[in-house]
Amino acid sequence: MLSRLSSKKILLLFVLTLYCLVIGYKLMRLGNHGDGVEYASVARNLSDGVGTFWKPYLDDRIHPVFYEHPPLVFWIQSLFFRFFGDGPYLESFYGFFIGIVILGCMAWFWRGVRRDFQLPAVGSWWPLLLLVPLPMFTYLLQTNRIVNTWTVFAVTATYISYRSTLAINHHFFYSLLAGGLIYLGFLAKGPVAFFTFAVPLLAWLTLRAKLSKAITGTLLALVTFTLFFLVTLYLFKDSVKFWQNFWQNQVIASIASARAPGDTHWYLTERWLSEMVVPFIIAGVLMLAARLSFRRVQFKRLSKSKSRTNN
């Protein structure tokens, strides 16, 4: 069996096996983080017909309407409760499933970028190997955080936005699609989804993409997002009150550090640096094993003729 598999497939199977081993024992534990329990409760109530998309319900006393986070993730998870029932491991199954989707999006992104630059198809196992051992990655999947589902929209929106700037054909289509995906990310996590608007400009600065494409791509994505948002406000009157309360309870309170008074503004930076030690070590070990110098790690833009043939 192994003799029939290529080295790339074997390495991919190794990474997926590592994913199952790293996260499997965590997901089998009963109990969850407090926030994850709240999110699952809102989704379960929604699946039972208690609350609506723009009026998600948690409890009678504190959150008769759950304005803490946008409602798209609750609605998506409510579909799992509706189809699979309220079992003790439903949240764990959902986390495992979303993790697989995230890995699939990362592999799709990796293969697309390498194809655009006419680089050898190294295999999708490499970026996945850097992601799976991250403690934060498996921790978030285990604790049923909203950022899990939002990551799917973030990765896909980033890649489509990148394509809107570098693609020879379908530039307008990619730009419009990017705006739609950013809107879905906004419905899942709020203003943090707006970082994708900067992707065309970053492509112009780092990959020498055309400035005209970067500008038009950004503007088209902004117009698409704004159009979706305004149509939503017009068609769903409850959404107006929801976004007003969300802005006060989540955005303004977070800026004022009122939601987590004990955390400093540098907390996330410090946590990120500590987490990134793992992929840096893995990358360093593999580069030493392959005797690859860091000076050889570089990006080269394609000529226009080659790029056209590739697209």
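Worth a mention:
- Cβ-Cβ distance of Phe83 and Leu222, R₀ of 30 Å, FRET efficiency by 1/(1 + (r/R0)^6): the value works out to about 0.25.
- Rel. contact order, % - alpha carbon contacts under 8 angstrom, at least six apart, the range 7-143: 32
- Cα gyration tensor shape for the range 5-142, rounded if a/c is under 1.5, else prolate or oblate: prolate
- Förster radius 25 Å - calculated FRET efficiency between Lys237 and Val147 (Cβ-Cβ, nearest 0.05): 0.30
- From the C-alpha gyration tensor of the range 131-241, square roots of 5λ in Å: 25, 22, 9
- Note on the range 68-183: Rg/Rh from Cα positions, Kirkwood definition for Rh, rounded to two decimals, is 1.03.
- Nearest-0.05 FRET efficiency for Ile62 and Phe14, computed from C-beta distance (R0 35 Å): 0.15
- Exposure check, 1.4 Å probe, all protein chains in place: Trp125 carries approximately 40 Å² of accessible surface.
- Cα→Cβ-extended label distance, 7 Å offset, between Ala283 and Tyr25, nm: 2.8
- The Cα center of the range 225-251 and the Cα center of the range 65-104 differ in position by 23 Å.
- Accessible area per residue was computed with a 1.4 Å probe on protein heavy atoms; Leu90 scores about 10 Å².
- With a 1.4 Å probe rolled over the protein heavy atoms of all chains, the accessible area of Arg163, Arg271 falls in the order Arg271, Arg163, largest first.
The values are calculated or read from the model by the stated rules, or taken from the named source; none is laboratory data. Just so it is clear, the model here is predicted, and its values are computed rather than measured. Every residue, glycine among them, receives a Cβ derived from its backbone with ideal geometry; neighbour counts consider all protein chains shown. Just so you know, the surface numbers come from the protein's heavy atoms only, side chains and all, with ligands and any DNA or RNA stripped out. Shrake-Rupley method; radii C 1.70, N 1.55, O 1.52, S 1.80 Å.
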